[in-house]
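Right, one structure below, let's go through it.
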Amino acid sequence: MRLLFVGDVVGNIGIKTVETYLKQLKSELSPQLTIVNGENANGGKGIKEEDFKRILNSGADLVTSGNHIWDKREVLDFIDDTTNMLRPLNYPGDVPGHGFKTINVNGQKVTVLNLQGTAMMQPIDNPFYAFDDLYKEHSDEWIFVDFHAETTSEKIAFGQYVDGRAKAVVGTHTHVQTNDAQTFPKGTAFITDVGMTGSLDGILGVQSQRVIQRFLTQRPSKFDVEEAGRVQINYVVVDINDNKSTIKADYIRS
């Protein structure tokens, strides 16, 4: 089975980039399942229903998220009513939405799981234990994880921890594609970060001058999405088999 995963969509320019290139990628790569991380789709922080629908209409089967999932209150208007929008499973307590979805792909059950790291991020439940709890009930399925985390060490540690249990783990959140796509010894495909979709001319998707000014003055600065200029779409292709998965990272820039 082939799975296409597109990295963090940032702002309206990111959605437009998905609208421009996703169907082309699907035509060229022929994935059976397409997933897009959309947590930064609305103004760089959060997602609204119209953003979610645009990403689905562009060809995504499922939209994942991360720590900015609650930044737009409007997400509460639809997140309970759809299983095609995932929030991190390891939020504590009774929170809206769904942390995973099991999909039948050509007779094979695939569970897509969204988890959020805890290092240098707000404290939530331990993602390692959250995976363990889910695995008890879904060990006979192929598990794919979007692991949304800040530090490379936590992402790699998680990937190695679930090696042989998850079919693939892809890191999101830091918006820069890493050059470490690999298959771990027990067969789990892994990359520390898929990268982002949106502006190529900004810094991590936001206007460069605001970021530079913050480093120069050490004062707070409002970050606005860079909505003009060149664009990029970063993605990975994962080929999943019974015993071993493979992963390849790529991008389009224009």
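Since every read-out is calculated from the coordinates, none of them should be taken as a lab result. Not measured: the values here are computed from a predicted model. We place every Cβ from the backbone using ideal geometry, glycine too, and count neighbours over all the protein chains shown.
In percent, what relative contact order does the chain have, based on Cα pairs under 8 Å that are 6 or more apart in sequence?
Details: 628 pairs, mean separation 49.3, N = 254.
It comes to 19 percent, rounded to a whole number.
Once you list every other residue whose beta carbon is under 12 Å from the beta carbon of Gly202, what net charge do they have if Lys and Arg are +1 and Asp and Glu are -1? Numbers along the way, then the final one.
Numbers: positive: Arg210, Arg230; negative: Asp201, Asp224, Glu226, Glu227.
The answer is -2.
Beyond 25 Å between alpha-carbons counts as too far, so tell me which of Lys101/Lys136; Lys53/Lys244; Lys23/Lys48; Lys136/Lys244 fall in that bin. Let's see the in-between values first.
Details: Lys101/Lys136 15 Å; Lys53/Lys244 33 Å; Lys23/Lys48 22 Å; Lys136/Lys244 21 Å.
Violating the 25 Å Cα-Cα cut-off are Lys53/Lys244.
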- Message: Placing unit charges on C-beta atoms (Lys and Arg positive, Asp and Glu negative, everything else neutral), compute the dipole magnitude of the chain about its Cα centre in debye, rounded to 20.
- Response: 580
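Regarding segment 1-151, what whole-number volume in Å³ per residue does the convex hull of its Cα atoms give? Walk me through the numbers on the way to the answer.
Working: hull volume 17.0 nm³, N = 151.
Residue-normalised Cα hull volume stands at 113 Å³.
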- Three-way shape label, segment 137-254, alpha-carbon gyration tensor, a/c 1.5: prolate
- Note on segment 1-62: the mean projected area of its alpha-carbon convex hull, in nm², is 3.5
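Could you work out the local net charge near Asp133, counting Lys and Arg as +1, Asp and Glu as -1, over the other residues with Cβ closer than 14 Å to its Cβ?
Taking every Cβ under 14 Å from that of Asp133, the sum is -1.
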- Message: What distance in nm lies between label points placed 7 Å from Cα along the C-beta direction at Leu76 and Glu50?
- Response: 2.1
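For the chain, what does the helix formula give at 222 nm: sum of -39500 (n - 2.57) over DSSP H segments with n ≥ 4, over the residue count, nearest 500 deg cm²/dmol? Before the final figure, lay out the partial values.
On the way: 5 runs with 60 residues, N = 254.
Per the formula, -7500 deg cm²/dmol.
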- Given the C-alpha centroids of segment 46-92 and segment 142-207, what is the distance between them in whole angstrom? 19
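When the expected Rg is taken as 2.2 N^0.38 Å, what fraction or multiple of it is the alpha-carbon Rg of the chain?
Scaled against compact globular proteins, the figure is 0.94.
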- Task: Taking the dipole about the Cα centre of the chain, with the C-beta of Lys and Arg at +1 and of Asp and Glu at -1, give me whichever of Pro123, Tyr135, Ser208 is farthest to the positive side.
- Result: Ser208
- Query: Dipole size in debye (nearest 20) for segment 159-254 around its Cα centre, Lys and Arg Cβ +1, Asp and Glu Cβ -1?
  - Reply: 220
